[in-house]
1. Report, by residue number, each residue of the range 3-52 that is open to solvent by 80 Å² or more (accessible area, probe 1.4 Å), charged (D, E, K, R) and within 21 Å of Glu81 (Cβ to Cβ).
2. Considering only the range 105-127, state which residues are surrounded by 15 or more Cβ atoms within 10 Å (Cβ to Cβ) and part of a loop (DSSP other than H, G, I, E, B).
Amino acid sequence: MKKLARSAASMVADARSRIEEVEIQDLIAAMDDPGVVIVDIRDVRERQRSGFIPGSVHAPRGMVEFWVDPESPYFKDVFGEDKRFVFHCASGWRSALTVATLQDMGFDAAHLREGFSEWVKQGGPVEMPEPKS
């Protein structure tokens with residue numbers, strides 16, 4: 001087996017050491033705050049299968065850097081708003097790496113430390129997508 005210079009786990013640990021991590025109960029308390037935008041970076045199939053945090057914006061992980069960059073042809077207006085952005089994935093690994101990258105770009109964001117799976121376990125509200133016709 002090929003040995004990598006860095007493991008994914010070490011990259012996540014490094015990211016977590018330098019970004020803001022939000023606890024589930026704190027994000028539940030902030031859900032109605034119009035100054036907070038919750039961003040779900042999970043794959044669309046994960047959202048369809050497991051549901052999503054009500055009011056969250058979906059931004060696929062592979063496009064996030066382009067969607068937040070005002071100079072990118074893929075820029076999304078929501079990311080130009082003066083708000084607090086909290087990103088999440090299923091377990092907190094992908095969102096930690098994403099937020100560290102965004103921070104390197106100069107985009108201020110935080111991430112949900114334990115992710116959507118733990119959100120569900122702790123009773124966070126979940127909305128299911130409309131069934132396809």
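1. Matches in the range 3-52: Glu20, Asp26, Asp32.
2. Answer for the range 105-127, where residues must be surrounded by 15 or more Cβ atoms within 10 Å (Cβ to Cβ) and part of a loop (DSSP other than H, G, I, E, B): Phe107, Ala109, Arg113, Glu114, Gly124.
The values are calculated or read from the model by the stated rules, or taken from the named source; none is laboratory data. These numbers come from a predicted model, not from an experiment. FYI the Cβ positions are ideal-geometry reconstructions off the backbone, even for glycines, and counts take in every protein chain you see. For accessibility, only protein heavy atoms count, side chains too; no ligands or nucleic acids. Shrake-Rupley method; radii C 1.70, N 1.55, O 1.52, S 1.80 Å.
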